[in-house]
Amino acid sequence: MEKNIEHKKNTEQMEEEGLKDAGMGSAAEGDGDPVRELALALERAKAEAAEKHDLYVRKTAEFENYRRRRDREFEELIRTSNGELISHLLPVLENLERALNHSGSGEGFDAYCKGVEMIVNQFKEVLRRQGLEPIESVGQPFDPNLHEALLQTPSQAHEPGVVCEEIERGYRLGDRVIRHAKVAVSLGAPEQKGEATDAQVHKR
């Protein structure tokens, strides 16, 4: 009988210890505060959203740069194509101008010249709208980026190294020179021509 009593006590003690262990486990599980877990989840969601936003901003900027670069390349392609066409049209314009400069006289001829002049002005306006501009030469310092020196000559009216005569007009199309102006460069007055140096004029 004593054995039974002792066995019963041991059983009760084991049950108490089991209940204590179970209680400790429940307490450990209770450490995961739902509010804290929600706060952590919110922080993770914010970090993920910020990362995706940064990625979106970068991709948007890359696409905008690509679009601008493509537009610039397309505009340059158009200017290049226009430049080739206009280069072929310039001799036609110049021949019309020469015809006006070497015109005769008489009532009928004056009317003819007036008609040709109207064509020349219309032609110039069309080319101007396409971005064509003549290069200023006479009276300007010689610039190998704009001018092609065909000769050097004494000039009373111009300092050494200054363009004193335009032999063939040069043109720009936008920022690009499509034809250099062919010019004569001053050596200065006859008594000054010995002072002009090769450094003042460099042929292109």
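Listed values, structure above:
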quantity	calculated
Zone of GLU94's modelled label, taken as backbone nitrogen in the stretch 141-184 under 17 Å from a point 7 Å along Cα→Cβ	146-151, 165-173, 177-184
Virtual spin-label span in nm between LYS124 and GLU84, 7 Å along Cα→Cβ	2.9
Bridge type composition, the stretch 135-200 - antiparallel percent by DSSP, nearest 5	55
Amide hydrogen neighbours beyond the local backbone of GLY170, cut-off 5 Å, H modeled	ILE135, ALA181, LYS182
Interchain or long-range residues, amide H under 5 Å from ALA189's placed H	SER155
Gain upon complete extension [LEU40, PHE109; 0.36 nm per residue less C-alpha separation]	15.4 nm
Amide H contacts of VAL163 (H built 1.01 Å from N, under 5 Å, at least 5 apart or other chain)	GLY139, GLN140, PHE142, SER186
Least to most buried among ASP175, ASP33 (fewest other Cβ within 10 Å first)	ASP175, ASP33
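No lab work stands behind these numbers, since they all come straight from the coordinates. Quantities reported herein were computed from a predicted structural model and do not represent experimental measurements. Quick reminder, even Gly has a Cβ in these numbers, built from the backbone with ideal geometry, and neighbours come from all protein chains shown.
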